[in-house]
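Note sheet for the following structure.
The values are calculated or read from the model by the stated rules, or taken from the named source; none is laboratory data. These figures come from a predicted structure and were not determined experimentally. Glycine also receives a Cβ, built like all others from the backbone with ideal geometry; neighbour counts cover every protein chain displayed.
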Amino acid sequence: MADDLLSISIDKLTGILIKVKKMNNNIKQAVYETAKELHEAGLISSQRMEKYKKLNIPPIHRVNPEDIKNLREKEKISQSVLAACLNVSISAVRKWETGEKKPGGLALKLLNIVQKKGLNIIL
């Protein structure tokens, strides 16, 4: 009976973890840490733990105007080239660099990736 309850609990946890994929990164991190502890206690298999590891997505950080300009200069590209790489207008890149506007959505995610891995990762 205890094994049945444990099996049901793990299945419920799996269902919850899949839904969490759409939630806030802080919640994802908490769920991942819980699953990690359950794995270390022998309550979650290594195969299942691999699924939980995929939920541990790094958070997206805001990028300030200086960071965008420094990134572009480090990569030795113009505003127009950066705009093309991110699929945004040249005006958007200019406004980000002057602080008039802030990047968001996919552009912000791509900027985070380029900051960490370099421009070649998205080309």
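Here residue 17 passes the criteria (1) loosely packed, with under 14 Cβ neighbours inside 10 Å; (2) modelled with pLDDT under 80; (3) closer than 30 Å to residue 107 by Cβ except the one numbered (1). Filtering segment 50-87 down to residues that are more than 25 Å from residue 35 (Cα to Cα) and of a type in the set (Lys, Arg), which residue is modelled with the lowest pLDDT? If we take residues in segment 50-87 being more than 25 Å from residue 35 (Cα to Cα) and of a type in the set (Lys, Arg), then 62 is modelled with the lowest pLDDT.
Yes or no: residue 70 within 21 Å of the chain's Cα centre (by Cα) and polar (S, T, N, Q)? Answer is no for this residue.
State all residues of segment 81-116 that are over 14 Å from residue 62 (Cβ atoms) and out of contact with any helix residue (DSSP H, G or I) (no Cβ under 7 Å at 6 or more places or on another chain); if no residue qualifies, say none. Across segment 81-116, the qualifying residues are 81, 84, 87, 91, 95, 100, 106, 116.
Being part of a helix (DSSP H, G or I) and touching a residue at least 40 places away in the same chain (Cβ under 8 Å) is a property that residue 82 lacks. The residue that is farthest from the chain's Cα centre (by Cα), counting only those in segment 94-123 that are among the polar types (S, T, N, Q) and loosely packed, with under 13 Cβ neighbours inside 10 Å, is 98.
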